[in-house]
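Take a look at the structure set out below.
The values are calculated or read from the model by the stated rules, or taken from the named source; none is laboratory data. As the structure is a computational prediction, the values presented were derived from the model and not from experiment. Backbone-built Cβ (ideal geometry, glycine too); neighbour counts: all protein chains shown. In case anyone asks, the SASA skips ligands and DNA or RNA and just uses the protein heavy atoms, side chains included. Shrake-Rupley method; radii C 1.70, N 1.55, O 1.52, S 1.80 Å.
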Amino acid sequence: WLLGGSSNHPVDRKVGEALPGETRGNAARNRAFMHRATAWLARNGMAQFLDIGTGIPTEPNLHQIVQAVRPDARVVYADNDPSVLPHAQALLTGTPEGATAFLDADVRRPEALLERAAAVLDLDRPVALSLLAVLHFLPDDEDPYAVVRSLVGALPAGSFLVLSHGTADQHPERGRSIESAYEKGAIPLRLRTRGEVEPFFEGLELVAPGLVSATEWYREGPAPTPERSGFHVGVARIP
């Protein structure tokens, strides 16, 4: 709903309508970051992608971005939201040279998720792990930092972490109202500051420009239009 798609439900619209108006723009800016980051990785040799928390498909999706650059790319999507499952078939149309698959799996069970992803991906070779707009749905008591460490620790050197995380740092007046709107929809939300997002990249090699807001991350021109953002984003190499 936030991205203007038609595949949504009454609860999505109810929560979305309660959010501040700029939330739609923030969703679009996060999506544009995904497009830039995954295309850059594909152009620089990455051929395997694991996207966790994919949500209902919105075109162009990650596999369409990377397989346009690398037709042989293998992409695995994972989500545990039952509303995503009926739409999963739309994710499975990729290039004949590559592979596209969907897993009903929970990021909070990283070992089980990786075991199933290994049926499509070669986890002995570099993988680009995407955690886009998902970790802010894990409250502190579910230890999202440990989840990321488990996922990253299972991937070989030369892999990458692509991460975006919701924040109110640039919208301090909106933070509580955003969390409250999600709470009313029975959705836990934990917006985090830049300092709280930094530990997700501990031990990794951040790619320039580092941990920045969504419209500040780009590797190749043209530069995005600078705007306030509700997301901290970064891409890091696993050494």
When only residues in the range 57-86 that are under 14 Å from ALA101 (Cα atoms) and of a type in the set (Asp, Glu) count, which is modelled with the highest pLDDT?
ASP72
Criterion (outside any loop (DSSP other than H, G, I, E, B), of a type in the set (D, E, K, R) and surrounded by 14 or more Cβ atoms within 10 Å (Cβ to Cβ)) met by exactly one of ARG108, ARG116
ARG116
Sort out which residues of the range 137-151 are farther than 22 Å from ARG237 by Cα and of a type outside the set (D, E, K, R), and write them in order of number.
PHE137, LEU138, PRO139
List, please: which pairs have Cβ atoms under 8 Å, are six or more places apart or on different chains, and start with a residue in the range 226-239 that is closer than 21 Å to LEU41 by Cβ and in contact (Cβ under 8 Å) with a residue 60 or more places away in the chain and end with one that is part of a loop (DSSP other than H, G, I, E, B) and charged (D, E, K, R)?
HIS232/ASP169; HIS232/ARG192
Of all residues being touching a strand residue (DSSP E or B) at 6+ places or on another chain (Cβ under 8 Å) and of a type in the set (D, E, K, R) in the range 217-239, which is least open to solvent (accessible area, probe 1.4 Å)? Just the residue, please.
ARG237
In the set SER150, SER164, SER180, which member is surrounded by 22 or more Cβ atoms within 10 Å (Cβ to Cβ) and of a type in the set (Ser, Thr, Tyr)?
SER164
